[in-house]
Amino acid sequence: MTKTEAWVATAANQPLTRQEIEFEKLGSEEIEVEVEHCGICHSDLSMLNNEWGMTHYPAVLGHEVVGRVVEVGSAAKGLKVGQRVGIGWTASSCMHCRQCMSGDQHLCAQAQGTIVGHRGGFSGRVRAHWAWTIPLPEGLAAEDAGPLFCGGITVFNPLALYAKPTHRVGIVGIGGLGHLGVKFASAYGCEVTAFTSSESKFNEARKLGAHHVASSRDSQSFARLAGYFDLLIVTVAVPLDWPALIGALAPRGRLHVVGAVPEPIPVDVFSLLMGQRAVSSSPTGSPTDIAHMLDFAARHRLAPQTEHFPMSRVNEAMEHLAAGKARYRIVLDADF
């Protein structure tokens, strides 16, 4: 039995409150982690306000966790007490279905979200299945690595699946996801164009590694690049000029959406058919995908651009994120 302090969401659109929570006996395949740092993802804000209709109150949010292993279940494998690890969007999966056995554990129908009916990382302790508790490689600073476990893998996965170093890649939206997309695509060797709605970010995007920068508000930006991109990754959750984006794809090009766009995306089949283009989407990634992403980030010395708040100021940090002021990911430092 473990007792710890946590910042708890008691209802939608209400401040988090500090409370003592209690865990049952550690499962045989579980790992218990003492939280050192936890990123705030926009998904945490959506879950706080029950925007997706799947929040279970009281809820402990936070799914970009970095900390040290403090207890290992009797049947857990590959981890030891004191090891520094991270936990992302998924805390466990069934490990026996076709998806899990094929290495697509993140697509398991029984996957347990870290903050969906499960206690997340705005807490002194957090638990996850050993396979979803990923060792942090040497070369990554623990204080800034948390956002890689959700934001990082979300944009790395489509690059790993669909990009080649010779490709022309566009990243639409330069925020918490997009700034990492630019960094990863540039390090991968792609020619990178950053699309942002804010001209104040043009120079920042270039510093992040973009070769070209254009306005995402101006449909002519995409029209001028008709037939140009091998891959366009959309990281924002707002409606866009979708026909213009598809028109900017080269033959066999792909429009890949990782932002939680709330409205249907209209697609004219003929805009895909004649150029053999594709529209796709993806969530985060498997444990192996996450480990590969972390190794890539360590090898290329890539890290999220972060702002830090003590966890005791979590409500202030959430307001900062909701106001669109984050540059570009917020990390909470545990101070219980």
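From the list L255, L294, which one is open to solvent by less than 20 Å² (accessible area, probe 1.4 Å), free of Cβ contacts under 8 Å to residues at least 40 places away in the same chain and under 30 Å from C100 (Cα atoms)?
Details: L294 fails: free of Cβ contacts under 8 Å to residues at least 40 places away in the same chain.
Of L255, L294, the one residue that is open to solvent by less than 20 Å² (accessible area, probe 1.4 Å), free of Cβ contacts under 8 Å to residues at least 40 places away in the same chain and under 30 Å from C100 (Cα atoms) is L255.
Considering only region 1-82, give the strands (runs of 3 or more DSSP E) lying wholly within it that have at least 2 residues that are aliphatic (A, V, I, L, M) and more than 23 Å from T235 (Cβ to Cβ).
Numbers: elements: 2-8, 17-23, 30-40, 65-72.
Strands (runs of 3 or more DSSP E) meeting the threshold: 2-8, 30-40, 65-72.
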Exercise for the section: Can you work out which of the residues in region 83-98 that are of a type in the set (A, V, I, L, M, F, W, C) and assigned to a strand (DSSP E or B) is surrounded by the fewest Cβ atoms within 10 Å (Cβ to Cβ)? Expected result: V85
Handout entry: In region 1-44, the residues that are open to solvent by less than 10 Å² (accessible area, probe 1.4 Å) and small (G, A, S)
Key = A6, A9, G39
Problem - Count of region 268-284 residues which are assigned to a loop (DSSP other than H, G, I, E, B), open to solvent by less than 60 Å² (accessible area, probe 1.4 Å) and either of a type in the set (V, I, T) or farther than 23 Å from N157 by Cβ (or both) - result: 2
Fill in the blank from the handout: Exactly one of A210, A250 is out of contact with any Lys or Arg (no Cβ under 8 Å at 6 or more places or on another chain) and of a type in the set (A, V, I, L, M, F, W, C), and that one is A210
Exercise for the section: Kindly list the number of the only condition in (1) over 16 Å from G175 (Cα atoms); (2) small (G, A, S); (3) outside any strand (DSSP E or B) that fails for G324. Expected result: (1)
Exercise for the section: Evaluate region 293-308: report whether one residue or more is among the hydroxyl-bearing types (S, T, Y), over 24 Å from W130 (Cα atoms) and not in a helix (DSSP H, G or I). Expected result: yes
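Answer yes if at least one residue in region 134-155 is part of a loop (DSSP other than H, G, I, E, B), more than 21 Å from N50 (Cα to Cα), of a type in the set (S, T, Y) and in contact (Cβ under 8 Å) with a residue 24 or more places away in the chain, and no otherwise.
As a first pass, look at region 134-155 and keep what is part of a loop (DSSP other than H, G, I, E, B): 136-141, 150.
In the following step, the residues that additionally are more than 21 Å from N50 (Cα to Cα) were identified as 136-141.
After this cut, where a residue has to be of a type in the set (S, T, Y) as well, the list is none.
No, the conditions are met nowhere in region 134-155.
The values are calculated or read from the model by the stated rules, or taken from the named source; none is laboratory data. In this text, all values refer to a predicted model and were calculated from it rather than measured experimentally. Positions of Cβ are generated from backbone atoms using ideal geometry, with glycine treated the same way; all protein chains shown enter the neighbour counts. We work out accessible area using only protein heavy atoms, side chains counted, and drop any ligands, DNA or RNA first. Shrake-Rupley method; radii C 1.70, N 1.55, O 1.52, S 1.80 Å.
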